[in-house]
Each structure stands twice: as structure tokens, then as C-alpha cells.
Amino acid sequence: MASVIRHDWHREELLALFALPFPDLLHRAASVHREQFDPAEVQVSTLLSVKTGGCPEDCAYCPQAQRYSTGVDAQKLMATDDVVAKARQAKAAGASRFCMGAAWRSPKDRDIPKVAAMIREVKALGLETCATLGMLSGAQATALREAGLDYYNHNLDTAPDYYDSIIHTRQYQDRLDTLAHVRDAGLKTCCGGIVGMGETREHRAGLLLALATLPAHPDSVPINRLVQVAGTPLHGTAELDPFEFVRMIAVARIVMPRSMVRLSAGREAMSDELQALCFLAGANSIFYGEKLLTTGNPDTERDLALFERLGLRPMPVTVDAAGHDHPGTVHADITTGGGCGRAA
Ligand code: SF4
């Protein structure tokens, strides 16, 4: 029997899933995965920044925050023509979706027409469009939607009760408000978080609970593993047990059965074996190729070789008669930088 899509999960249920014997948890997650997807197919995304660094926020994991000395130089918003040239390259490489990201706390109203122009031109190439620009007002979300934006990325980062250990320049409610504006504007959502930031299992369950009890499950759920960057406050944090990371993927798959669960930042440091366990646990989306924000990402060749060894294949692009893509879209997500929890 297919899993029921629920929005009424309780913390105790999630903690009970986390506590299952590892084989039982993976079996359950893999069963849910198979109900909803072909487990041999993995959605593929590519990242690029359109406006890097100089961010006024204080996310403790992020090398793009201007207050930390990380060697990331602040750059201005790219010219539309340059973005479109990148979009053409992405399309030629087989991408169907292109995400433009900027390291802003939130866009100023005067920025919106510039981003809207990018969206329109990228859309005109026949690509789907995605953006990650920070917090949005309802009017800004609507303006981006009217320009042709399909998806908006905005991560919750961590559990509500761990948030003020990581970020002080905004509140959890600010994130939830932007997600509501994005949904109300008719945009699809990409929303996840970061683990390995010194949080407890309860916090990890709390993040998944916050995601799984949103009015609509995010279409994509990026699960980032902290990439430690010298100069950021989280540099030197104890590494998360890799099996706990797999448990995080498995519980995400179980509580949000139809979402694309994405291996995001931190994948470069994962062994092939760990990535294979993640696929078994229900991950079905990765970043591929281009630099992932301001950190590295496994070479395309390594990914192709891993797919070959595991018998996996990129999800094909399928568009139905109404023009809606199915979850298997190949993406080129062009985003902001670093371990940016917002953008991955
Ligand atoms: S994660 Fe995003 S919002 Fe936070 S400092 Fe980095 S670029 Fe800014």
C-alpha cells in the first residue's frame, strides 16, 4: 500500500524512525522510495553563482558572510548577457532548469527588475527557471513568478530550537514567511537544511519535522552536510557520523515521500560507498559538475563512473501535455556560493 502523504508528523515519531536498527530504517526508506520513484534514477543539478559574497547575514557556516574572513571576494550581480550565456551552456550540456542565486539577505525592490529580466531571457531559451535570493516579500515573489520563475530555493537551515545557535540576523519565522509568500505566488519550493553543525539528533529530527509539517512538502529537499570553511565560526566542529547522515536521508525520504531528496553541499567529501548508502536510503537528486557554491563538488567524471558502477542513470526530462515537468528534471541550478544553506 502506498505511503500516505502526511503533514501531521510528531517529533516522537521521527525520533523513533531515527532510532530504528539501521537495516530496518533503510528497508523502510527504500520501500517508500520505490513506491514513488524509480530508484535507479537520480535527478541531476548544476550550481553556479550569479552574485557571490558580501552577504550581511551571519550564518555561522557560510564563507559568503562579509563579517567572516574566508577569502571569498564580494562580486556584483552578473550582467544579464553573461547569465544568459551560462544558461545556454547549461542547456547545451543537457540541463533543463537554471537557477539564479544571489548572496543577499533579501533583494531590494530595485533588484527585482534585473533578476526578472534574467528569468525572462533564461525562460526564453526553453529552460525552467529557479532562483535563490534570500527573503522575499509577497509582492517580490509575485513579480518573479510573473517574470516566469518556476522554483524558489529557501532553506530552513536547522531546527527551530537550534536556529539561534547558527544565525542571529534573522528569525525562523522570517524563513517561514518567505516560504509562504513563495507558495502563495504559485512557485514551487526547494527547501532543506544543513547537518553536522554541532546539532543533536533531536535537532535533526526537528528540522525534518519543520519541513514535513509545512502546508505543502517542498518539491525538493536539499540535505547539506556542513563543509567546514576556515574563518567561519563552525570551522572545527566535530564531524557528523556518516551513518547518522544516512539516517537523516532515510527519515527525510519516509516523511516526505514525493519530494526529491537531494545530496547537496558536502558530497565531495563523501566516499562512493557513503553516497551509495544515501541512494539506498532514498536520496534521488544530486548536484553535479560545476562548482557547488564556493566549495568544490566531485568531478563530473567521478559522478558518471559512480552512476555506471551502481547502475544509476540521470532522471530523464519528461514534460506532460500541460507543460509541467515531472520530478526527474535535469537541473542547472546556478546559485550563490559556499556552504550556503540558503542556496543548496
Ligand atoms: S548562507 Fe546565504 S544568507 Fe547566510 S551568509 Fe551565506 S549567503 Fe548570506
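The values are calculated or read from the model by the stated rules, or taken from the named source; none is laboratory data. In this text the structure is predicted, and so the values were computed from the model without any measurement. Here the Cβ positions follow ideal geometry from the backbone for every residue, glycine too, while neighbour counts run over all protein chains shown.
Within segment 235-286, track down each residue that is free of Cβ contacts under 8 Å to residues at least 40 places away in the same chain and small (Gly, Ala, Ser). Of everything in segment 235-286, those that are free of Cβ contacts under 8 Å to residues at least 40 places away in the same chain and small (Gly, Ala, Ser) turn out to be GLY236, SER271, ALA276. Here GLN64 fits the description: touching a strand residue (DSSP E or B) at 6+ places or on another chain (Cβ under 6 Å) and of a type in the set (S, T, N, Q).
Can you list the strands (runs of 3 or more DSSP E) found entirely within segment 147-195 that contain at least 1 residues being of a type in the set (D, E, K, R)? Talk me through it step by step, then tell me what you get.
On the way: elements: 151-153, 188-190, 193-195.
So the answer is 188-190.
The rows are residues; the columns are (1) out of contact with any strand residue (DSSP E or B) (no Cβ under 8 Å at 6 or more places or on another chain); (2) of a type in the set (Val, Ile, Thr); (3) surrounded by fewer than 24 Cβ atoms within 10 Å (Cβ to Cβ).
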{"site": "ARG110", "(1), (2), (3)": "yes, no, yes"}
{"site": "MET118", "(1), (2), (3)": "no, no, no"}
{"site": "GLY148", "(1), (2), (3)": "no, no, yes"}
{"site": "ASN153", "(1), (2), (3)": "no, no, no"}
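Counting only residues that are away from the ligand (no atom under 16 Å from the Cβ) and surrounded by fewer than 19 Cβ atoms within 10 Å (Cβ to Cβ), segment 37-74 holds 4 of them. Considering each residue of segment 125-135 in turn, none proves to be part of a helix (DSSP H, G or I) and either in contact with a helix residue (DSSP H, G or I) (Cβ under 7 Å, 6 or more places away or on another chain) or surrounded by 15 or more Cβ atoms within 10 Å (Cβ to Cβ) (or both). Exactly one residue out of ASP111, ASP58 is farther than 17 Å from GLU128 by Cα, in contact with a Ser or Thr (Cβ under 7 Å, 6 or more places away or on another chain) and acidic (Asp, Glu), and it is ASP58.
The sole residue among ASP73, ASP38, ASP24 that is farther than 30 Å from GLU121 by Cβ and part of a loop (DSSP other than H, G, I, E, B) is ASP38.
Quick one: is LEU77 within 14 Å of the ligand (Cβ to nearest atom) and under 29 Å from MET315 (Cβ atoms)? Judged against the criteria, LEU77 is not a match. Going by the structure shown, is PRO218 surrounded by 20 or more Cβ atoms within 10 Å (Cβ to Cβ), at pLDDT 95 or above, in a loop (DSSP other than H, G, I, E, B) and not charged (D, E, K, R)? In short, yes.
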